[in-house]
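Contents: one structure, followed by commentary.
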There are 2 protein chains.
Amino acid sequence: MGTTQLETAPEPKYWHLKTVLSDALDTEFAVGEILPNERDLAARFGVARATLRQALEQLELEGRLQRRRGVGTTVAPPRLGVAVDPARHTWPGAAGDDWQPVAASETDEVPAAVARLLESAPGETVHVVRRSRVSAGQPVAAELLYVRTDTVPDCVDAAAVAPDGHAHAVLRALQALDLDGQDRTVELGSARAEDARQLDRLPGSPVLVVTTRYVSRGRTAAVAVSTYRADTCRLTFGERTAQPVLAG
Amino acid sequence: MGTTQLETAPEPKYWHLKTVLSDALDTEFAVGEILPNERDLAARFGVARATLRQALEQLELEGRLQRRRGVGTTVAPPRLGVAVDPARHTWPGAAGDDWQPVAASETDEVPAAVARLLESAPGETVHVVRRSRVSAGQPVAAELLYVRTDTVPDCVDAAAVAPDGHAHAVLRALQALDLDGQDRTVELGSARAEDARQLDRLPGSPVLVVTTRYVSRGRTAAVAVSTYRADTCRLTFGERTAQPVLAG
């Protein structure tokens with residue numbers, strides 16, 4: 001990665017630097033390789049560290065670089081396609097579900113946006129199940145699944161049992177209900193402390209937040225807030241009819 | 001928004017500051033209001049400007065704040081739900097499509113990832129149609145739609161006509177084909193210069209990139225790369241059966 005004369009470029013410096021760095025990543029670095037430190041990189045390209053940092057941030061947003069705790073900045077592998085399929089019409093915890101329950105409790109601390117979707121009253125207690133999704137050996141997503149207690153009335157005493165039993169009791173109770181429909185939204189967010197820990201990321205890292213609403217008997221029975229690593233994941237939405245072709 | 005003692009908080013300073021600022025946005029600021037400048041805010045909360053900036057960046061990722069060119073940092077309205085519905089099984093340009101063609105051309109500069117999906121040969125020429133999506137009066141997304149020339153052979157001479165005619169000729173030709181299936185991916189990206197201009201954002205702003213593959217006669221006929229503003233948009237994926245309930 002030789003020095004490059006950036007002074008004469010008409011674009012913003014960091015933008016041109018990003019292109020130069022991107023080419024270098026393709027040709028001179030291997031996936032997983034650690035980049036030289038910022039000071040050395042800035043010196044090599046003759047740019048200020050602020051400029052370098054801007055370019056590195058862009059490349060991180062585009063999934064080309066990863067900042068890893070205690071490791072530094074490494075060349076990212078291609079993003080992993082993770083299926084988030086609205087056509088799959090099942091409750092969380094159904095057979096074949098990719099998610100594993102981690103813990104569960106009853107809580108009256110429901111984020112305002114979730115309370116609106118659940119149509120729960122302020123201070124109303126709901127079940128919350130924390131789940132984790134691992135794909136190709138990596139943690140890809142963390143989830144909080146909020147379930148109205150009146151939806152699964154047989155679970156109200158479940159909080160007394162072991163945390164693991166509570167999660168399974170809630171998930172099992174959901175399977176017995178009719179699922180009328182579900183919808184999803186995807187938006188950009190920043191990783192909250194506990195999700196970040198679960199995902200092995202720093203708090204505040206960009207994440208893709210998928211909010212799924214499950215409808216039963218004409219009302220919202222459960223809301224899942226799933227936090228996917230934005231650096232390593234591409235969310236895929238497919239149609240069954242297209243899959244034989246698209247898998248090729 | 002009074003001073004707050006942050007020195008004793010056990011979390012990272014910017015994290016606590018983010019919570020304090022977030023509460024202030026709820027209670028003391030109106031949507032669209034311009035925040036005081038960074039120096040004043042940093043002084044008021046007794047934090048370094050770097051700390052303040054980290055907190056502001058988090059709030060921007062979470063959609064609470066918007067940085068607007070030539071205006072400053074303003075309190076963001078709730079994100080706009082924009083339907084990206086894989087159940088809608090139609091070609092781009094079908095009746096009821098929310099997108100407007102802006103321009104079209106033939107190009108042999110196809111990004112590597114798109115060329116892989118299109119299974120086009122290096123240097124092969126394809127049609128590219130630039131489109132724009134406006135929702136609630138705001139530009140929400142910019143798109144480049146790549147169409148194999150052999151998919152719409154009657155359009156090969158269209159480049160000779162007016163740019164607008166070219167776009168419409170390609171879109172019209174697609175409607176005549178069978179659409180076997182489509183799939184989508186959603187991932188985080190950063191706005192490229194021309195998309196940023198179209199979206200009234202700065203280059204490099206975080207965006208949600210939706211890549212849609214359209215399959216006809218057993219192969220990929222077209223690929224759309226749609227760039228949504230991540231600050232103002234929530235992408236929604238719904239099921240028709242659920243909509244009467246979920247609209248309420």
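Here is how the numbers come out for the structure above:
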| quantity | calculated |
| --- | --- |
| Single match in B:THR241, B:THR236 (criterion: touching a strand residue (DSSP E or B) at 6+ places or on another chain (Cβ under 9 Å), surrounded by fewer than 23 Cβ atoms within 10 Å (Cβ to Cβ), at pLDDT 90 or above and at the interface with chain A (Cβ under 9 Å from one of its Cβ atoms)) | B:THR236 |
| Members of the stretch B:54-71 that are open to solvent by 30 Å² or more (accessible area, probe 1.4 Å) and either within 13 Å of chain A (Cβ to nearest Cβ) or assigned to a strand (DSSP E or B) (or both) | B:GLN54, B:GLU57, B:GLU60, B:GLU62, B:ARG64, B:ARG67, B:ARG68 |
| Candidate set from the stretch B:218-231 (those that are within 10 Å of chain A (Cβ to nearest Cβ) and touching a residue at least 40 places away in the same chain (Cβ under 8 Å)); member that is surrounded by the fewest Cβ atoms within 10 Å (Cβ to Cβ) | B:ARG219 |
| Matching option when the condition is modelled with pLDDT of 90 or more and either crowded, with 20+ Cβ neighbours inside 10 Å or closer than 17 Å to A:GLN100 by Cβ (or both), among A:LEU179, A:LEU174 | A:LEU174 |
| One residue from B:ALA42, B:ALA48, B:ALA55, B:ALA103 being over 17 Å from B:VAL20 (Cα atoms) and aliphatic (A, V, I, L, M) | B:ALA103 |
| The stretch B:11-34 - residue that is open to solvent by 20 Å² or more (accessible area, probe 1.4 Å) and more than 18 Å from A:ARG192 (Cβ to Cβ) and, of those, modelled with the lowest pLDDT | B:THR27 |
| Residue among B:ARG184, B:ARG131 that alone is open to solvent by 20 Å² or more (accessible area, probe 1.4 Å) and charged (D, E, K, R) | B:ARG184 |
| Matching residues, the stretch B:35-53, being in contact with a Pro (Cβ under 9 Å, 6 or more places away or on another chain) and crowded, with 19+ Cβ neighbours inside 10 Å | B:THR51 |
| Count of the stretch B:152-167 residues which are touching a strand residue (DSSP E or B) at 6+ places or on another chain (Cβ under 9 Å) and either basic (Lys, Arg) or modelled with pLDDT under 90 (or both) | 9 |
| Residues that are under 16 Å from A:GLN198 (Cα atoms) and touching a Lys or Arg at 6+ places or on another chain (Cβ under 9 Å), drawn from the stretch A:108-152 | A:GLN138, A:PRO139, A:VAL140, A:ALA141, A:ALA142, A:GLU143, A:LEU144, A:LEU145 |
| Qualifying residue in the stretch B:73-87 (condition: touching a Pro at 6+ places or on another chain (Cβ under 9 Å), open to solvent by less than 30 Å² (accessible area, probe 1.4 Å), hydrophobic (A, V, I, L, M, F, W, C) and over 21 Å from B:GLY218 (Cβ atoms)) | no |
| Among (1) part of a strand (DSSP E or B); (2) among the hydroxyl-bearing types (Ser, Thr, Tyr); (3) within 20 Å of A:TYR214 (Cα to Cα) - the single one A:THR90 does not satisfy | (1) |
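Let's see how each residue does on (1) without any contact (Cβ under 8 Å) to a residue 12 or more places away in the chain; (2) in a helix (DSSP H, G or I):
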site: B:GLY81; (1), (2): no, no
site: B:ASP97; (1), (2): yes, no
site: B:GLU106; (1), (2): no, no
site: B:ARG116; (1), (2): yes, yes
site: B:SER120; (1), (2): no, no
site: B:GLY123; (1), (2): no, no
site: B:SER132; (1), (2): no, no
site: B:PRO139; (1), (2): no, no
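Each row is one residue, and each column tells you yes or no for (1) touching a Leu at 6+ places or on another chain (Cβ under 8 Å); (2) in the same structural domain as B:GLY218 (by TED's automatic domain parsing); (3) at positive phi; (4) modelled with pLDDT of 90 or more.
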{"position": "B:ARG67", "(1), (2), (3), (4)": "yes, no, no, no"}
{"position": "B:ARG88", "(1), (2), (3), (4)": "no, yes, no, no"}
{"position": "B:ALA94", "(1), (2), (3), (4)": "no, yes, no, yes"}
{"position": "B:GLU109", "(1), (2), (3), (4)": "no, yes, no, no"}
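The values are calculated or read from the model by the stated rules, or taken from the named source; none is laboratory data. Owing to the predicted nature of the structure, the values given are computational and were not obtained by experimental measurement. With ideal geometry, Cβ positions are generated from the backbone for all residues, glycine too; neighbour counts draw on all protein chains shown. Calculation scope for accessible area: heavy atoms of the full protein, side chains included, ligands and nucleic acids excluded. Shrake-Rupley method; radii C 1.70, N 1.55, O 1.52, S 1.80 Å.
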